[in-house]
1. Pick from 17, 54, 132: which is most flexible by mean-square fluctuation in a GNM of the chain where alpha carbon atoms under 10 Å apart are linked?
2. Take the Cβ-Cβ distance between residue 89 and residue 7 as r, set R0 to 22 Å, and report the resulting FRET efficiency rounded to the nearest 0.05.
3. Express the carbon and sulfur contribution to the solvent-accessible surface of the chain as a percent, rounded to the nearest whole number, probe 1.4 angstrom.
4. Could you give each residue of the range 29-41 its phi-based ³J(HN,Hα) in whole Hz, using Karplus coefficients 6.51, -1.76, 1.60 with θ = phi - 60°, and x for Gly or Pro?
5. When we measure straight from the Cα of residue 102, which aspartates and glutamates land under 13 angstrom away, once same-chain ones fewer than 8 places off are left out?
6. Which lysines does residue 74 reach when only Cα atoms under 26 Å apart count, and residues fewer than 8 places away in its own chain are ignored?
7. Return the distance in nm (one decimal) between the two label points of a simple spin-label model at residue 109 and residue 156, each offset 7 Å from Cα along Cα→Cβ.
8. How many Å² of accessible area per residue for the range 96-159, probe 1.4 Å?
Amino acid sequence: MASLPPNHEHYDHQMVKMEVNLDDIPGEWLGYVMDLLFEAGANDVFYTPIYMKKNRPGVLLQLLCSQENSNRMKEILFKETTTLGLRYYPLTVHRLERMFTKVTTEWGSVTVKEGIFEGQVVQRAPEYEECKHIAQLHNIPLKQVYEQVWKVIGEKDRL
């Protein structure tokens, strides 16, 4: 598995975007392929419904990975999908600085990932798995956990 990119803001010039059009693959295989790609070091994998020649419904599978992982991704795509060819493009990714803070809710603490652009927080996201755990543990709606996290963040911002 590839190591994670550094948390400071930077440009990554060694990335590749790969894509394949699939029109003859069972839907059950798509989740399996996605898992394999992530396990092999893909940074992102996603599917988009498309229409192919002769108006056949299909799926566009796209992934983002480092150049060093591209051969492994190609191997998975050729062995595990029905594609006979794939496209790939060199790509530069601008990554924000990332910081992790904790906020305290009435049910426990939750990690919040912050994206920092030019020294300023521009993105925030509570860690889903922690929110899910709290919701299940206390038998409350997940959205209630998120609402409280956002409320605490708002209160911290006003200080």
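1. Among 17, 54, 132, the largest GNM mean-square fluctuation belongs to 54.
2. 0.25
3. 53 percent
4. Each residue of the range 29-41 in turn: 6, 4, x, 4, 5, 4, 4, 4, 5, 5, 4, 7, x Hz.
5. 114, 127, 130
6. Within reach: 17, 53.
7. Here the answer is 1.0 nm between the modelled labels.
8. 68 Å²
The values are calculated or read from the model by the stated rules, or taken from the named source; none is laboratory data. Note that the structure is a prediction, hence the values are computed from the model and not measured. Neighbour counts are summed over all protein chains in view; Cβ atoms, including those assigned to glycine, are modelled from backbone coordinates with ideal geometry. Note: accessible area is taken over every heavy atom of the protein model, side chains too, but ligands, DNA and RNA are not part of it. Shrake-Rupley method; radii C 1.70, N 1.55, O 1.52, S 1.80 Å.
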